[in-house]
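Here the structure comes first, spelled out in structure tokens, and everything after it is commentary.
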């Protein structure tokens, strides 16, 4: 489900025996992701099943047949909007997607309200941006229990606008509500606010518990942040081995911060068996992602030809798709 993402994360250089950290703050737009979750309300079962299996042309045809039988089937309209938005089996057509989303939104479909809100907020496909209209749609979807809408309202609260200053307390409330509905990104964002004491009283242990939820849900930023907390014993019992495993999981998903931290662990043998070739390999990958580390570069320069070959083979495997 496409969304805005809130991320308090950055990077700092570390020495081999230093604590790990992520620092900084900002709001970013990630790559637009995936197809929709199951639409709210009665579903066009055959059409949605076809969509989930990748039979997009069939999904479109079946959704249209559903509307012939019931012209007010909002779920079918939402699915058609998603097909045109994503270009699944058809040429992407933002205007057509907006048309179908609006029809479904007017009929009360919360997913259509959310998806249309995103289009208006981001101006996707040339759609005219309208932040106020997007916020109104998110509010409607949030009132219907849409976690993504709650989350994005939280992001907007932090961004602020010409009329409103950033409101971290409001954002924290929205993130918590979204997280309680199972949203992993919201769990991460709420945990970071608790950890930093922005908008809520500082509570490192409670922040760790929410960041762990995000990590367990597969949110890469959550995996990195919780690994750092495990390594440092911040808000949780110190566990370098568990931290190394989480860094490895995030590093395999091409997170350069995790790759850098994992390289240091391999270099020092903390939480994982020392392996200088692996350290060099993950340092190369982190560097390609923008995280440079002179200390690890110097270590790599001392590798034997065999260790260097092993490092390059690890890089080759990791970057082969």
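If you rank 67, 265 by fewest surrounding Cβ atoms within 10 Å, what's the result?
Starting with the residue having the fewest Cβ neighbours, the order is 67, 265.
Using the beta-carbon distance between residue 252 and residue 130 and R0 = 56 Å, what value does 1/(1 + (r/R0)^6) give for FRET efficiency, to the nearest 0.05?
Taking R0 as 56 Å, the efficiency between residue 252 and residue 130 is 0.90.
Calculate how steeply helix 74-86 sits against the longest principal axis of the alpha-carbon atoms of the chain, using the helix alpha-carbon long axis, and give the answer as 0 to 90 degrees to the nearest 10.
That works out to roughly 50 degrees.
Where a ≥ b ≥ c are the square roots of the eigenvalues of the C-alpha gyration tensor, would you call the range 76-190 rounded, which needs a/c under 1.5, or, failing that, prolate if a/b is larger than b/c, or oblate?
Because a/c hits 1.5 or more and a/b exceeds b/c, the range 76-190 counts as prolate.
Can you give me the angle between helix 94-106 and the longest principal axis of the chain, using Cα atoms only, in degrees from 0 to 90, rounded to the nearest 10?
That works out to roughly 70 degrees.
Calculate how steeply helix 184-196 sits against the longest principal axis of the alpha-carbon atoms of the chain, using the helix alpha-carbon long axis, and give the answer as 0 to 90 degrees to the nearest 10.
Orientation of helix 184-196: about 50 degrees from the principal axis.
Please give the Cα centre distance for the range 256-321 versus the range 80-119, rounded to the nearest Å.
44
Based on the Cα gyration tensor of the range 41-128, what are the three equivalent ellipsoid semi-axes, each the root of five times an eigenvalue, rounded to whole Å and given largest first?
20, 15, 10
Fewest first, what order do 83, 272 take by the number of other Cβ atoms within 10 Å?
With the sparsest Cβ surroundings first, the list reads 272, 83.
Answer rounded, prolate or oblate for the range 239-321, using the Cα gyration tensor with square roots of eigenvalues a ≥ b ≥ c: rounded when a/c is under 1.5, else prolate when a/b is larger than b/c, else oblate.
Cα axes put the range 239-321 in the rounded bin.
Considering the values (i) 37; (ii) 50; (iii) 32, which represents percent of Cα pairs over 28 Å apart as calculated for the structure under consideration?
The calculated read-out lines up with (ii).
Stretched out fully, how many nm does the piece from residue 202 to residue 90 gain, at 0.36 nm a residue minus the Cα gap?
That pair, residue 202 and residue 90, stretches by 35.4 nm at full extension.
R0 = 45 Å: FRET efficiency of residue 144 with residue 288, Cβ-based, nearest 0.05?
Efficiency for this residue pair is about 0.55.
At a 10 Å Cβ-Cβ cut-off, how would you order 82, 225, 206, fewest neighbours first?
With the sparsest Cβ surroundings first, the list reads 206, 82, 225.
Which of the peptides 163-173, 301-311, 69-79 is most tightly packed, and how do the rest follow, judged by the mean count of other Cβ atoms within 10 Å per residue?
Going from most to least packed, we get 69-79, 163-173, 301-311.
Calculate the spin-label point distance for residue 270 paired with residue 107, positioning each point 7 Å from the Cα along the beta-carbon direction, and give it in nanometres.
The answer from the label model is 5.8 nm.
Read-outs: derived from the displayed coordinates by stated rules, not from any lab. What you see is a predicted model, and the numbers here were worked out from it, not measured in a lab. Glycine gets a Cβ as well: all are built from the backbone with ideal geometry, and neighbour counts include every protein chain shown.
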